[in-house]
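A short reminder: the numbers here are calculations on the coordinates, not readings from a lab. The shown structure was predicted, so the numbers you read here are calculated from the model rather than taken from an experiment. Counting neighbours? That spans all protein chains shown, and the Cβs are built from the backbone with ideal geometry, glycine included.
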Amino acid sequence: MDRIRSVDTFRVLAILAVIALHTASYGGPDGPGVTQNTATLLNQLERFAVPVFFMFSGFFWARKCSGPRDHLARSLQVARRVLLIYVVWALVYLAVAGVEAQWADGPTGPMRQLLHARQAGHLGFAHVFLRGGTIHLWFLPALACALVISGGLMAFNLWRTLVLLAVVLFAVGLAGGAYANTPVGFHTPYNLRDGPFFSLIFFVTGAWLARRKLPASPRLGLVLALAGMALQVLELNWLHGRWGAHLIQDYVASTWLYGLGMGMLALSDAAPLRLPALASIGPLVLGIYASHYLFVVLLSPLEGVWRAYAWSTASWDVLYVLLVFACAFGLTWLLARYGPTRRFVM
């Protein structure tokens, strides 16, 4: 199957947005979430990234499946591959944390860190199997959940049931997340970002776009993306002003529309979106995603050096994102060159 070059372009834009979410403070104490300022708006703008990753996965999964039995077989095959990548990188981050603890606290450092994690409840099912101990690996088991659920239901040709389940899980995720303080919401110690609550709706949306078998309209995609982004800002401000919700949320209801519009833009393969320099990196984005947080931590001390020379915080935010991306790209490119490690980054 030929690659859609605009999708590869958007993959790179999305991973840059993810790195920005994990690095940029956009102004220190007045950063995102304090008020509806530029920092908060930029944070909300970057929220298209993970939805389109799920959407691309659903789109190409649906295009490759040829029948009911193939849906389940292919889902299990891809889910196994995704979970293998998850386990490998979770172990990598665990090993790095152990080395850091030993460096800081001596030989007993790793055991003390493990005891602290147990006391904090970080060794439960959700952290070990759905989160991986970092703030970003949750994406992989969430994708595996969407694959298994979709494959299982489509094995019996239950498309409408799959769509209904995706909508219900999305509603539950919102009620336990951004809408927790509202009369329809609830509070839970479990982060509903993990698992299928949000991944399934975007995965199924991507599959729906593939089932339509119609060329995606870049104009319609742009309109939906702009409308979704505007509604997302309005929705967050309403939740914040009326119910005291934080202005930074992983998902709100209109994030679906925002993600749909950006996904349609990417899938349109419009000529202006086929940027060769970015599209050539697209196949490596999975590895960049998995590895980038190593460099988020490793490069963070450079912020103090940067500020010591009185350079602006905004310039550091941009540089930090680019440095993390460059380092993660370099590591991924190196690992992709060798057969034994290629499976962990592509």
Residues other than Cys145 with Cβ under 14 Å of its Cβ, Lys/Arg counted +1 and Asp/Glu -1, net out at +2
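Arranged by the count of other C-beta atoms within 10 angstrom, fewest first, what order do Phe54, Phe48, Phe344 take?
With the sparsest Cβ surroundings first, the list reads Phe344, Phe54, Phe48.
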For Val87 and Leu158 in one chain, what is 0.36 nm times their gap in residues minus the Cα-Cα distance, to one decimal in nm? 22.5 nm
CD proxy, 222 nm, the chain: helix-only mean residue ellipticity via -39,500 (n - 2.57) per DSSP H run with n ≥ 4, per residue, nearest 500, stands at -23000 deg cm²/dmol
Taking amide H atoms as placed 1.01 Å from N in the peptide plane, list the residues 5 or more away in sequence, or in a different chain, whose amide H sits under 5 Å from that of Gly195. Ala142
Relative contact order for the chain: what percent, with Cα pairs under 8 Å and sequence separation of 6 or more? 28
Projected area averaged over all directions for the convex hull of the alpha carbon atoms of the chain, nm², comes out at 18.8
At 7 Å along the Cα-to-beta-carbon direction for both Leu222 and Arg80, put a label point, then send me their distance in nm to one decimal. 4.5
Two-decimal Rg/Rh of segment 222-274 from alpha-carbon positions, Kirkwood Rh? 1.13
Give, in nm to one decimal, the length gained when the segment between Thr188 and Asp250 is fully stretched (0.36 nm per residue of separation minus the Cα-Cα distance). 20.8 nm
Segment 211-327: relative contact order as a whole-number percent, Cα under 8 Å and 6+ apart: 27
